[in-house]
Amino acid sequence: MKSSPHVIVVGAGVIGAASAHYLTQAGARVTLIDQGDIGSGTSSRCDGNVLAIDKDPGFDSQMATVSQQLLHELAQELPYFEYRRPGSYLVCDNADEVEMAREWVRQQQAEGLPFAYLDYEAIHRHLPHLAEDVPGGLYCGSDSTLNPLLYTQRLAQSARDRSADLRPHQPVGDIGIEGGAAKGVRLASGEWVPGDAVVVAAGIWTPALLEPLGIRVPIRPRKGHLLVSGKGPLFGDAKVMEFGYLMSKFGRERVAPPDAMQYGVALVYEPTASHNFLLGSSREFVGWDTSSNPKVVQSIARRAMRFYPGMKDATIIRSYAGLRPWTPDHFPIVSEVDGVPGLWIAAGHEGDGIGLAAVTGRLIADLVLGGSPCIDPGPLRWNRFTEEGGMDHG
Amino acid sequence: MAKDAPSHEDDAVIVCRCEALTWGDVKQAMEAFQPTSLRQLKSVTRWGMGICQGRVCRPMMAATTVEDQTEAAFRLVVRPPFKPVAMNILGHEGEKV
Ligand SMILES: Cc1cc2nc3c(=O)[nH]c(=O)nc-3n(C[C@H](O)[C@H](O)[C@H](O)COP(=O)(O)OP(=O)(O)OC[C@H]3O[C@@H](n4cnc5c(N)ncnc54)[C@H](O)[C@@H]3O)c2cc1C
Ligand code: FES
């Protein structure tokens, strides 16, 4: 590859923007293209949690931890994006979950990660607003949070400051292959944009861009709802989630009300820098519809009040939904496509794209420009899926 | 020329009451991010994200010079539950009491 190659990044969500940031930092010339505005896809319909607390010990948590470190550096480098590092909590609903939470903490501590189990007294000391019957929980000290809208804009802005060409409102029609290699993209307007490499960072739209080339990747939209409170008293400064949704990792059944089970609702409480809080979350495969379903909204509100009875008087001012780019093993794809030199995929981050943007962008820059990769890219290869299905969590 | 060169007073005008956002804040964001739609401007300034959900400030924001002021860019602003609602009501709507 040339010393200063021209890399076309398709999709200016958090993943494309982070890729553009690291590529330009490493000296590449970048064109960052989006069909809408910068950050108009899933990256503006989500929370800003940067989590290690729910990652499996091993590669999963290593990737998350490297991303947390890179993000910490980005926060010094880029203008403010409401980055904070308050840690995060998982709270248990029942005795079965307490037992599994202890096991989870044991595994994570063995990996040297900053986890602590909190018994009844400790969890209520840390989180005084919790319902009295919450039996225990755990804490992860390295977890951080940010404003995902601002973060995406800051990354794109940083790339632009290093002369990246930002092309919003330009749908990419086709990826151009010549002599078996990726040579550029054709915009819907007809314009041909030539490049030395093409990175497809189009989130849930990635399969549609690759399909015409006969390349199939199993990324599917998995809907999630969020509720936004009005400004008012907060219920603590750190983010709190329920342990329940990790139960499948232990082959145990989660015990929760039918509506929560039906819509995949689990408590996520996230205080923001704007003195309000967000409540999540739901997980559903219901196609491409991003409208807000009142039944799901209600279920999220109920689940939140189970853990925080004092929220009954809090005000919800709106709700919205986004589509997570799901993959069968819940790892993203960050990889060149075999047999098509110059064609790269960076997509499929499901519920972790904000948190994993830094490590993904850095890895793309390493791989595309031929540097040594910041993490082992093996588990993220595009063709690792032999069939759809498999582990389904995260 | 006074019209083309806004004074410091103009900058101090609150354009979004709920989020305590001034015209100066908006101008700064326009310069830093060069947004191409009101939606993108919203994501960097929080205009329209307050308790009134933009009912008060939307006309004011239409005075900005972003390109995309289409119906769609506005439609994204108001989202259910449309009116602020207390969580205990939201959580028990549709149930017999
Ligand atoms: C409710 C909810 C809560 C979440 N909470 C968190 C969280 O707390 N922490 C976390 O880490 N993650 C969270 N996520 C997940 C996170 O939002 C996603 O993983 C992430 O935003 C994906 O980023 P992306 O850049 O891959 O996709 P997107 O942001 O969707 O970007 C893809 C871009 O590609 C563009 N595009 C598509 N097709 C074309 C084309 N043909 N031509 C040009 N451009 C095109 C789109 O317009 C879009 O802007 C959450 C998701 C949801 C839904
Ligand atoms: S005045 Fe802007 S949201 Fe209410």
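General remarks:
- The relative contact order of chain A comes to 23 percent, based on Cα pairs under 8 Å that sit 6 or more residues apart.
- Residue by residue along B:48-59, Cβ atoms of other protein chains within 10 Å of the local Cβ number 2 on average.
- Considering only A:Ile317, A:Ile175, A:Ile354, the Gaussian network model of chain A with Cα springs below 10 Å gives its largest mean-square fluctuation to A:Ile317.
- Net charge contributed by nearby residues that have their C-beta within less than 13 Å of A:Asp174 (K/R +1, D/E -1): -1
- Per the Debye calculation on chain A with a single equal scatterer at every Cα and no solvent contribution, log₁₀ I(q)/I(0) for q = 0.08, 0.12, 0.14 Å⁻¹ amounts to -0.40, -0.90, -1.20.
- HN-Hα J in Hz across the range A:307-321 - Karplus 6.51, -1.76, 1.60, θ = phi - 60°, x for Gly and Pro: 8, 10, x, x, 6, 4, 9, 6, 10, 9, 9, 6, 9, 8, 9
- The range A:9-64: C-alpha gyration tensor shape, a/c 1.5 cut-off, then a/b vs b/c: oblate
- Averaged over the residues of peptide A:295-302, the number of Cβ atoms from other protein chains lying within 10 Å of each residue's Cβ is 4.
- Rounded to whole Hz, the Karplus (6.51, -1.76, 1.60) HN-Hα couplings of the range A:191-205, x for glycine and proline: 5, 9, 10, x, x, 8, 8, 10, 10, 8, 10, 9, x, 5, 8
- A Förster distance of 22 Å, applied to the separation of the beta-carbon atoms of A:Arg252 and A:Phe285, puts the FRET efficiency at 0.50.
- Pair B:Lys27, A:Ser372: separation of 7 Å Cα→Cβ label points (nm): 5.1 nm
- Point-charge dipole on Cβ atoms (K/R +1, D/E -1) for chain A, about Cα centre, debye to 20: 760 debye
- Packing-based order for A:22-31, A:198-207, using average beta carbon neighbours within 10 Å, highest first: A:198-207, A:22-31
- GluC sites (Glu not before Pro) restricted to the range A:94-137 and DSSP loop, no more than 11 other C-beta within 10 Å: A:Glu132
- Cα gyration tensor shape for the range A:178-322, rounded if a/c is under 1.5, else prolate or oblate: prolate
- For chain A, built as a Gaussian network whose Cα springs stay under 10 Å, the top-fluctuating residue of A:Ala358, A:Ala64, A:Ala208: A:Ala208
- With all protein chains modelled, accessible area of A:Lys295 [1.4 Å, Å²]: 130 Å²
- Projection of the Cα convex hull of the range A:289-394, averaged over all directions and equal to a quarter of that hull's surface, yields 9.7 nm².
- Taking all protein chains together and a 1.4 Å probe, the residues A:Glu178, A:Glu242 rank A:Glu178, A:Glu242 from largest to smallest accessible area.
- Amide H partners (placed H, <5 Å) of A:Val268, local residues excluded: A:Gly280, A:Ser281
- Once the C-beta distance of A:His72 and A:Arg125 is scaled by a Förster radius of 35 Å, the resulting FRET efficiency is 0.80 to the nearest 0.05.
- Calculated [222 nm] ellipticity per residue, helices only, for chain A: -8500 deg cm²/dmol; basis is -39500 (n - 2.57) per DSSP H run with n ≥ 4, divided by all residues, nearest 500.
- Candidates A:Ser163, A:Ser88, A:Ser142: whichever shows maximal mean-square fluctuation once chain A is modelled as a Gaussian network with Cα springs under 10 Å: A:Ser163
- Partner chain coverage, peptide A:274-282 - average Cβ within 10 angstrom: 1
- Taking all protein chains as they are arranged and a probe of 1.4 Å, the heavy atoms of A:Arg84 leave approximately 70 Å² accessible to solvent.
- Cα-based reach from A:Lys249 at 15 Å (exclusive), listing aspartates and glutamates while leaving out same-chain residues under 8 positions away: A:Asp54, A:Asp56, A:Asp60, A:Asp96, A:Glu97, A:Glu99, A:Glu103, A:Asp329, A:Asp392
- Cα-Cα over 25 Å, subset of A:Lys55/B:Lys42; A:Lys223/B:Lys27; A:Lys55/A:Lys223; B:Lys27/B:Lys83: A:Lys55/B:Lys42; A:Lys223/B:Lys27; B:Lys27/B:Lys83
- The range A:353-371 and the range A:122-157: distance between their alpha carbon centers, rounded to Å: 25 Å
- Take chain A with all the other protein chains still there, run a 1.4 Å probe, and you get 36 Å² of accessible area per residue.
The values are calculated or read from the model by the stated rules, or taken from the named source; none is laboratory data. This is a predicted model, so every value here is computed, not measured. Cβ: placed from backbone, ideal geometry, glycine included. Neighbour counts: every protein chain shown. For the accessible areas, the whole protein counts, side chains as well, though only heavy atoms, and no ligand, DNA or RNA atoms are used. Shrake-Rupley method; radii C 1.70, N 1.55, O 1.52, S 1.80 Å.
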